[in-house]
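Taking it in order: structure first as structure tokens, then the write-up.
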Amino acid sequence: MELILFLIIFPLVAAIALLLIKADAGRDAVVAAASLVIAGVSIFLFIQYFDAGHKLFDFESEAVGYAMAAIEACLALVIIVLGIKYKKYLASVLAAIQAPIMIWFEFSTGHEIPIDNNIYIDKLSLIMILIIGVIGTLICVYSLPYMKDFQHHHQGEPDRRPWFFFLMFLFLSAMFGIVVSNNLVWMYFFWEITTLCSFFLIGYTKTEEAIRNSFRALVMNLLGGIGFVLAIVFLGKVFGTLELNTMLMYGGIQQYSFMMGIPVALLAFAGITKAAQMPFNSWLLGAMVAPTPTSALLHSSTMVKAGVFLIIKLSPALGFNIAGIMVMMVGGITFLMASLAAISQSNAKRVLAYSTVANLGLIVACGGVGTYGAVWAGIMLIIFHAITKSLLFLCVGTAEHNIGSRDIEDMDGLFERMPRLAEFMMIGIAGMFLAPFGMLISKWATMTAFVESNNIILVMLICFGSAATMFYWAKWLGKMSAIMAGRDNAQLNVHRGEWSVLGTLTGLTILICLMFPMVSSTSVVPYIDEVFGGQHDMLLSDSNMRIMWAMLALVVLLTVFFFGRTNKKIVPIYMAGVNTGDNLTFRGAMEKEVAVSLRNWYMEKYFGEAKMNAIGGISAAAVIVIVFSIIIGVLLIMGGVLNG
């Protein structure tokens, strides 16, 4: 248990130190050392509890609860003041509703409810600890050279990097807290810390757009926070428990299924907002104004995973009940509409943002279905998406700083200008949608699980959504891999630290694909067996696994045997007309010289983001409203019967 507490406390100590350190040398040393310690302890903890199964800890401290309540009150006051200052009154109102309810409950009822186990560890939390501890710290290390360049490009503005790194490490501390908290009050506390970190990081530059987008994120996450609070109050008042494991146990008992479905639906709603599902996805898209490491850490690999982590934890209580139907339909709608919206985007970060929203929707849908196979696929998607999407976000950040643009249309011949970066990005993109990489295999398993659940609507949503992914990934891949003569090498100025992190993430993308069967059999399957009770048939048969291994082996062998070996013959490039000789222009109509130009079709008329967001947002909102209307209606009827 000491190591678990260390992972929560140590990043907080590092965050405070980084807030006080102003010199680059000191900051570099602290970030590097702290990241190494956090990653090392995360790996050691994973190894130590690898065979432990679900383990509960009876850590008790009444003082911790009171301290959390005091901090919650202070944070709410900060939000209220900032909302008034920037005339974002809705944020102030939501904070003024949420915090008093929670504080009232804690002091009136919560402190009297016995808590046997505040902390737990299981295979899923261990997987999340590895993602936070390894991927999260790699992003923090990458941030050192990136933020130096960022500050250089914003000369004359105050240097707020101490605040930036304070928030990054505070966020790591809170994320560790979320994934090990069995006490839902504790989980809620850490949940709100991540919300505040996201708010301040999105508004880091303090531009008008950044402030507007940061408050949008805050408002939407506060809505989810209210759902979290109401779930805690309901559990405490009706069931007399605040422990996650006890709640899930009640959820599996038929006589409690409807009543327990209410807090489950409220917690799932909190997960939906945190995971940026429609109609709440606009906060994550707006977050792209933040520095790229923020996008990679908070809004791709880690923070939004808090939402899907909670939904996967709730999956035994979901399925084809009212809460499960809400979750699976919102996830399915989000997956399809976000995938279609990504087709119309040329801004690389927005493509990644919509792809993130879409893949989170797929994971949410898996949790909503709540079967053995769907949860297996959802966890595998969490693993692959965290690594691959972090790599892609950081690659875009490096490209932007060196070619001056994040637009896909400006990545003509990136393979010529920044060959190493292009290789890393191509591996990342291949990891998202090509066989034999893990994302495609996991989507295959997801489709199988949806078919077996007999949910025809979900099957249609994933089929059309998966087809849409081909359009935007293939367009991007084609732009980078095109050979454009006469391009200067722009990667000479990339910091060595950036290359180290990008190379590590690329290696992890390949390694996790090679280790796919082992990760499944040693970490994911034991967790699901424990949750669902007993052994089940896996979605991927031994023959399918052998096919995947053969495909991976072929990729490796082709790389080994043909790397650096070529008898290439360079010839003039054909370009819709006579090449003038420089491979950059050709003679077109009337013998006029025309510069070669490669452009993609983004189909804005058909898949414009405004249209897709409107359709998806209205549909998802309707599902949520209908579900909670049914819950409220049934409660009113039950209340009337009891009173009568």
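Hey, any hits in segment 231-248 for a residue that's within 30 Å of residue 153 (Cα to Cα), open to solvent by less than 30 Å² (accessible area, probe 1.4 Å) and touching a residue at least 12 places away in the same chain (Cβ under 8 Å)? I'd like the intermediate steps shown before the answer.
As a first pass, look at segment 231-248 and keep what is within 30 Å of residue 153 (Cα to Cα): none.
The answer is no, given that none of the residues of segment 231-248 is within 30 Å of residue 153 (Cα to Cα), open to solvent by less than 30 Å² (accessible area, probe 1.4 Å) and touching a residue at least 12 places away in the same chain (Cβ under 8 Å).
Within segment 101-114, the set of residues being assigned to a helix (DSSP H, G or I), in contact (Cβ under 8 Å) with a residue 24 or more places away in the chain and either open to solvent by 40 Å² or more (accessible area, probe 1.4 Å) or of a type in the set (A, V, I, L, M, F, W, C) (or both) comprises 101, 102, 103, 105, 107, 111.
Condition first: over 25 Å from residue 92 (Cα atoms), modelled with pLDDT under 95 and surrounded by fewer than 21 Cβ atoms within 10 Å (Cβ to Cβ). Can you find one or more residues in segment 205-212 that meet it? Steps first, please.
Looking only at segment 205-212, we keep the residues that are over 25 Å from residue 92 (Cα atoms), and these are none.
No, because not a single residue in segment 205-212 is over 25 Å from residue 92 (Cα atoms), modelled with pLDDT under 95 and surrounded by fewer than 21 Cβ atoms within 10 Å (Cβ to Cβ).
Here 501, 524, 531 are screened, and the one residue that is open to solvent by 40 Å² or more (accessible area, probe 1.4 Å), at pLDDT 85 or above and not polar (S, T, N, Q) is 531. Considering (1) within 19 Å of residue 294 (Cα to Cα); (2) in contact (Cβ under 8 Å) with a residue 60 or more places away in the chain, say which one residue 365 fails and leave the rest. Of (1) within 19 Å of residue 294 (Cα to Cα); (2) in contact (Cβ under 8 Å) with a residue 60 or more places away in the chain, only one is false for residue 365: (1).
The listed residues are 602, 574, 606, and the only one of them that is part of a loop (DSSP other than H, G, I, E, B), at pLDDT 75 or above and hydroxyl-bearing (Ser, Thr, Tyr) turns out to be 602.
Condition first: farther than 21 Å from residue 18 by Cβ and either of a type in the set (A, V, I, L, M, F, W, C) or open to solvent by 30 Å² or more (accessible area, probe 1.4 Å) (or both). Can you find one or more residues in segment 145-153 that meet it?
Taking segment 145-153 first, the residues farther than 21 Å from residue 18 by Cβ are 153.
If we keep only those that are either of a type in the set (A, V, I, L, M, F, W, C) or open to solvent by 30 Å² or more (accessible area, probe 1.4 Å) (or both) as well, we get 153.
There is at least one residue in segment 145-153 that is farther than 21 Å from residue 18 by Cβ and either of a type in the set (A, V, I, L, M, F, W, C) or open to solvent by 30 Å² or more (accessible area, probe 1.4 Å) (or both).
Of all residues in segment 59-94, those satisfying the criterion of being closer than 26 Å to residue 109 by Cα, not in a helix (DSSP H, G or I) and not hydrophobic (A, V, I, L, M, F, W, C) are 60, 61.
State whether one or more residues within segment 43-53 are in a loop (DSSP other than H, G, I, E, B), of a type in the set (Asp, Glu) and open to solvent by 20 Å² or more (accessible area, probe 1.4 Å).
Yes, because at least one residue in segment 43-53 is in a loop (DSSP other than H, G, I, E, B), of a type in the set (Asp, Glu) and open to solvent by 20 Å² or more (accessible area, probe 1.4 Å).
A quick yes/no check of all residues on (1) without any contact (Cβ under 8 Å) to a residue 24 or more places away in the chain; (2) on the phi > 0 side of the Ramachandran plot; (3) open to solvent by 10 Å² or more (accessible area, probe 1.4 Å); (4) in contact with a His (Cβ under 7 Å, 6 or more places away or on another chain):
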residue	(1), (2), (3), (4)
388	no, no, no, no
420	no, no, yes, no
454	yes, yes, yes, no
457	no, no, yes, no
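Does at least one position in segment 351-372 carry a residue that is part of a helix (DSSP H, G or I), farther than 28 Å from residue 604 by Cβ and either of a type in the set (S, T, N, Q) or open to solvent by 10 Å² or more (accessible area, probe 1.4 Å) (or both)? Taking every residue of segment 351-372 in turn, at least one turns out to be part of a helix (DSSP H, G or I), farther than 28 Å from residue 604 by Cβ and either of a type in the set (S, T, N, Q) or open to solvent by 10 Å² or more (accessible area, probe 1.4 Å) (or both). Of the residues making up segment 23-40, those that are open to solvent by 10 Å² or more (accessible area, probe 1.4 Å) and either of a type in the set (Lys, Arg) or not in a loop (DSSP other than H, G, I, E, B) (or both) number 12.
Quick check on this structure: which one of 614, 622, 595 is in contact with a strand residue (DSSP E or B) (Cβ under 8 Å, 6 or more places away or on another chain) and without any contact (Cβ under 8 Å) to a residue 60 or more places away in the chain? Before you say what the answer is, go through the steps one by one.
On the way: 614 fails: in contact with a strand residue (DSSP E or B) (Cβ under 8 Å, 6 or more places away or on another chain); 622 fails: in contact with a strand residue (DSSP E or B) (Cβ under 8 Å, 6 or more places away or on another chain).
The unique qualifying residue is 595.
Selection of first residues in segment 625-643 that are assigned to a helix (DSSP H, G or I) and of second residues that are at pLDDT 85 or above and surrounded by 10 or more Cβ atoms within 10 Å (Cβ to Cβ), restricted to Cβ pairs under 6 Å at least 6 apart or on distinct chains, gives the following pairs, ordered by first then second residue: 627/322; 627/326; 631/262.
Regarding residue 33, is this residue out of contact with any Phe, Trp or Tyr (no Cβ under 9 Å at 6 or more places or on another chain) and farther than 18 Å from residue 175 by Cα? Spell out how you get there, then give the answer.
Details: out of contact with any Phe, Trp or Tyr (no Cβ under 9 Å at 6 or more places or on another chain): yes; farther than 18 Å from residue 175 by Cα: yes.
The answer is yes for residue 33.
Among the residues of segment 363-395, those identified as under 17 Å from residue 465 (Cα atoms) and under 12 Å from the mean Cα position of the chain (by Cα) are 363, 364, 381, 385. Going by the conditions given, is residue 192 of a type in the set (Asp, Glu) and either assigned to a loop (DSSP other than H, G, I, E, B) or buried (at least 24 other Cβ atoms within 10 Å of the Cβ) (or both)? So residue 192 passes the test.
The rows are residues; the columns are (1) out of contact with any strand residue (DSSP E or B) (no Cβ under 7 Å at 6 or more places or on another chain); (2) in contact (Cβ under 8 Å) with a residue 60 or more places away in the chain; (3) under 16 Å from residue 348 (Cβ atoms).
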site	(1), (2), (3)
382	yes, yes, no
395	yes, yes, yes
400	yes, yes, yes
405	yes, no, yes
408	yes, yes, yes
442	yes, yes, no
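Counting only residues that are buried (at least 24 other Cβ atoms within 10 Å of the Cβ) and within 20 Å of residue 151 (Cβ to Cβ), segment 291-312 holds 7 of them. If you filter segment 430-459 down to residues that are small (Gly, Ala, Ser) and outside any helix (DSSP H, G or I), you find that the one that is modelled with the highest pLDDT is 453.
Look at residue 129 and say whether it is in a helix (DSSP H, G or I) and not hydroxyl-bearing (Ser, Thr, Tyr).
Values: in a helix (DSSP H, G or I): yes; not hydroxyl-bearing (Ser, Thr, Tyr): yes.
So residue 129 passes the test.
Only one residue in 403, 408, 382 is open to solvent by 10 Å² or more (accessible area, probe 1.4 Å) and of a type in the set (A, V, I, L, M). Which one? Spell out how you get there, then give the answer.
Values: 408 fails: open to solvent by 10 Å² or more (accessible area, probe 1.4 Å); 382 fails: open to solvent by 10 Å² or more (accessible area, probe 1.4 Å).
Testing whether each residue is open to solvent by 10 Å² or more (accessible area, probe 1.4 Å) and of a type in the set (A, V, I, L, M) leaves just 403.
A residue that is in contact (Cβ under 8 Å) with a residue 40 or more places away in the chain and more than 25 Å from residue 206 (Cβ to Cβ) occurs nowhere in segment 155-162. Scanning segment 115-129 for residues that are among the charged types (D, E, K, R), within 30 Å of residue 35 (Cβ to Cβ) and surrounded by fewer than 21 Cβ atoms within 10 Å (Cβ to Cβ) yields a total of 0.
The values are calculated or read from the model by the stated rules, or taken from the named source; none is laboratory data. Source: prediction; values computed, not measured. Every residue, glycine among them, receives a Cβ derived from its backbone with ideal geometry; neighbour counts consider all protein chains shown. Areas reflect the complete protein model, heavy atoms only, side chains present, ligands, DNA and RNA absent. Shrake-Rupley method; radii C 1.70, N 1.55, O 1.52, S 1.80 Å.
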